[in-house]
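The values are calculated or read from the model by the stated rules, or taken from the named source; none is laboratory data. Bear in mind that the values here come from a model prediction, so they are computed numbers and not experimental data. A quick note on method: Cβ atoms are made from the backbone with ideal geometry, for glycine too, and the neighbour counts reach across all protein chains shown. All accessible areas refer to the heavy atoms of the entire protein, side chains included, with ligands and DNA or RNA removed. Shrake-Rupley method; radii C 1.70, N 1.55, O 1.52, S 1.80 Å.
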Amino acid sequence: MEVITTTADPSSLEGEMNPLLAAEARFDEAARRLGLDDGMFKVLRAPSKEIIVHIPVALDDGRVEVFTGYRVQHSQARGPAKGGVRFAPDVTLDEVRALAAWMTWKCAVVNIPFGGAKGGVVCDPHLLSQFELERITRRYTAEILPFIGPEIDVPAPDMNTNAQTMAWIMDTYSMHVGHTATAVVTGKPLDLGGSRGRPEATGRGCMMVTQQALQQLGLAPQSARVVIQGFGNVGGMAAKLMAEAGFRIVAMIEVEGAVYNPNGLDIPALMRYRSETGSVVDFPGGDNLSGPEAMFLDCDVLLPAAKENVITSRNAAKIRAKILVEGANGPTTPGADEILADNHVFVVPDILANAGGVTVSYFEWVQDRQGFFWNEDLVNERLKEIMVENFGRVVSYADKHGVNNRIAAYMLALDRVASVMKLRGFYA
Ligand code: NAD
């Protein structure tokens, strides 16, 4: 069966970096090692639903433009589909499919009752006004409306979308169903049913699994040297929280360059410096390095938290970190996995490492449905329970099956999804 097609050649660097091929490579290996039967393999390898919409939107100057949007639901076996919506000029169906499947495995690996989905609209948000973005969001929502809902599919922010975008989706959906339905999206503003602790959740989850990984290797957080790529939501929050917890953040890598201090950077001061100057370069509390120089520093923890495909078969051998915590989605290509394993790098794979975000999104959905909101300590405590427990499960799965942590995480996730599907059976 060949449901999904992509034109990328898997043996080329382009193929290695293709998100769909990367997701399939991990899926195939985990499925093979699990001994997944042929029928279940076919079901889980393909998305369950793909929606393509072409949405007419009036621009501010009166012209009408047509934008293409996608919503792919990979699985709803364990609960409503869950996944972000991204706005970018280069969004493709391949990418959305890969990310939708990724969400299924991510939700399953932390054992929250969601399936996986992803959406996107092909547009360049930097060339659009707020009013145009609002109209695109509302029309996209109206087109996919029969396929989303608190019990069906729950969107969230992703690249170039934010709490305001979620407020527009929530409002559009609510206008159609005739009542305020906060649980239709997560990542909303706090006043509209958002959760405390959500902005910090992904970075906090990264810190929690880093602490577990250090413990696993018998290393102390206080002496751990951490290199972070990406000073945005995930990397910035992780840096702030880790520095507060006593880690030494020795390097921060951004687009424009990197800054290094072997004694640990003053993260609040670096945040202020970057917001004033727009850059980390020439920060008075450290030395300038190039991005690659910092990436390949001898350190205990490397936390890529910027973008996909930064560790490939071409550079993986240069990584000198003991632990790789994947804050970003897909920072490591399948070609790099084997090299990292040969070099005994302890990898906390993305579907586990950055699952703190979707876990607190799950808490947001629970709170919205209860109409009862938790304080931040309770959110963080419950997040820790989930991250620590499932980190332990992934590591013991890896031990038991003699596989690396990434394949173990996929095997655990596939096993969880396949077993509920077996219990439910196949309708009709
Ligand atoms: P963000 O836009 O807030 O931050 C990304 C940062 O990385 C920016 O500061 C950007 O300048 C920097 N960056 C981009 N390219 C870079 C490069 N080549 N080298 C160094 N720095 C670079 O995004 P985010 O929300 O922090 O997301 C980062 C990654 O984490 C993405 O892969 C995203 O899919 C993933 N992720 C985010 C969340 C979340 O809750 N925000 C949850 C799960 C996964």
May I ask which of K318/K400; K106/K188; K42/K318 have a Cα-Cα span longer than 31 Å here? K42/K318
Interchain or sequence-distant (5+) residues whose placed amide H lies within less than 5 Å of the amide H of L289 are A258, V259, Y260
So what does the Cα-only Debye profile of the chain read at q = 0.06 Å⁻¹, as log10 I(q)/I(0), no solvent term? -0.24
Using the alpha carbon gyration tensor of the stretch 264-346, what are the three equivalent-ellipsoid semi-axes (square root of 5 times each eigenvalue), largest first, in whole Å? 27, 13, 11
Share of the stretch 287-428's accessible area from carbon and sulfur, percent, 1.4 Å? 50
The local net charge around R196, scoring Lys/Arg +1 and Asp/Glu -1 for residues other than R196 whose Cβ lies under 11 Å from its Cβ, equals -3
Given H placed on each backbone N at 1.01 Å, which residues far from V348 in sequence or on other chains put an amide H within less than 5 Å of it? L324, V325, E326
Want the number for A220 to L423: 0.36 nm per residue separation, take away the alpha-carbon distance, what's left? 68.8 nm
For the stretch 195-259, dividing by residue count, accessible area per residue (probe 1.4 Å) in Å² works out to 33
If you count only protein heavy atoms with a 1.4 Å probe, what accessible area per residue comes out for the stretch 1-127, rounded to a whole Å²? 40
Identify which of L44, L128, L21 has the largest mean-square fluctuation in a Gaussian network model of the chain, with springs joining Cα atoms closer than 10 Å. L128
With only helices counted (DSSP H, runs n ≥ 4, each -39500 (n - 2.57)), the per-residue ellipticity at 222 nm for the chain, to the nearest 500, works out to -14500 deg cm²/dmol
If you roll a 1.4 Å probe over the heavy atoms of the protein chains, what accessible area per residue do you get for the stretch 276-388, in Å²? 41
If packing is taken as the mean number of other Cβ atoms within 10 Å per residue, what is the order of 381-387, 353-359, 327-333, 296-302, highest first? 353-359, 327-333, 296-302, 381-387
For Q229, distant residues with modelled amide H under 5 Å away: I253, L303, A305
What does a probe at A142 reach in the stretch 60-83, counting residues whose amide N is under 19 Å from the point 7 Å along Cα→Cβ? 60-71
For the stretch 10-51, the accessible surface attributable to carbon and sulfur atoms (probe 1.4 angstrom, ligands and nucleic acids excluded) amounts in percent to 52
Quarter of Cα convex hull surface for the stretch 22-79, i.e. mean projection, nm²: 6.1
Globularity index of the stretch 286-417, i.e. its alpha-carbon radius of gyration over 2.2 N^0.38 Å: 1.20
Can you give the convex hull volume per residue for the Cα atoms of the stretch 340-394, as a whole number of Å³? 79
Leaving out ligands, DNA and RNA, what percent of the accessible area of the stretch 82-183 is carbon and sulfur, probe 1.4 Å? 57
Length gained if N162 through L192 is fully extended, taking 0.36 nm per residue and subtracting the Cα-Cα distance, is 9.5 nm
Roughly how many debye, to the nearest 20, is the charge dipole of the chain about its Cα centre, given +1 on each Lys and Arg Cβ, -1 on each Asp and Glu Cβ, and no other charges? 1100
Computed lengthening from N375 to H54, 0.36 nm per intervening residue step minus Cα-Cα distance: 111.4 nm
Sort 57-67, 405-415 by packing, meaning the average of other beta carbons within 10 Å per residue, with the highest value first. 405-415, 57-67
